[in-house]
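Some notes on the structure that comes next.
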């Protein structure tokens, strides 16, 4: 029996020594207790200012609608109106049956002043063309430089 005990002790000791190598490793995590706080002394050079109070006002339901004035683009009067007046005077003269015939009349307009040039068959046609030009809206003055042809045609 003496031999069996040391062999048994030897087997038990070798098993104990080999057991940690064969066993699974288990890590245990412990939660900090919260007592690991450190005290920091207040600074003597920093100053504390209380924040300004914040005021809250109730929301209003007033709605403001801003509208821009309409944009009006106008070209100078002497350009658009003069072209319109020249076209209207030419239409008035060409639609007058008293001036038709063998006549050649030119119309120029500058700031409402109409100048008639060219040749007509009779002196009466010259006067009728001047009347037609002065009857157009926007005409301030008519300069009639139309010349009747001498001797008819």
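Only residues that are crowded, with 16+ Cβ neighbours inside 10 Å and part of a loop (DSSP other than H, G, I, E, B): list them for region 127-153, please.
If the condition is that a residue be crowded, with 16+ Cβ neighbours inside 10 Å and part of a loop (DSSP other than H, G, I, E, B), then 136, 139 are the ones that fit.
Any idea which of (1) closer than 23 Å to residue 138 by Cβ; (2) touching a strand residue (DSSP E or B) at 6+ places or on another chain (Cβ under 9 Å); (3) at pLDDT 70 or above is the one residue 73 doesn't satisfy?
Condition (2) is where residue 73 drops out.
Among the residues of region 107-118, are any over 18 Å from residue 83 (Cβ atoms), buried (at least 21 other Cβ atoms within 10 Å of the Cβ) and modelled with pLDDT of 90 or more?
No, the conditions are met nowhere in region 107-118.
When you go through (1) more than 30 Å from residue 150 (Cβ to Cβ); (2) modelled with pLDDT of 85 or more one by one for residue 19, which number turns out not to apply?
Only one criterion is unmet by residue 19, namely (2).
Which condition number in (1) surrounded by 14 or more Cβ atoms within 10 Å (Cβ to Cβ); (2) part of a helix (DSSP H, G or I); (3) more than 49 Å from the chain's Cα centre (by Cα) is the one that residue 124 fails?
Looking at each condition in turn, residue 124 falls short on (1).
The values are calculated or read from the model by the stated rules, or taken from the named source; none is laboratory data. These numbers were taken from a predicted model, which means no experiment stands behind them. Quick reminder, even Gly has a Cβ in these numbers, built from the backbone with ideal geometry, and neighbours come from all protein chains shown.
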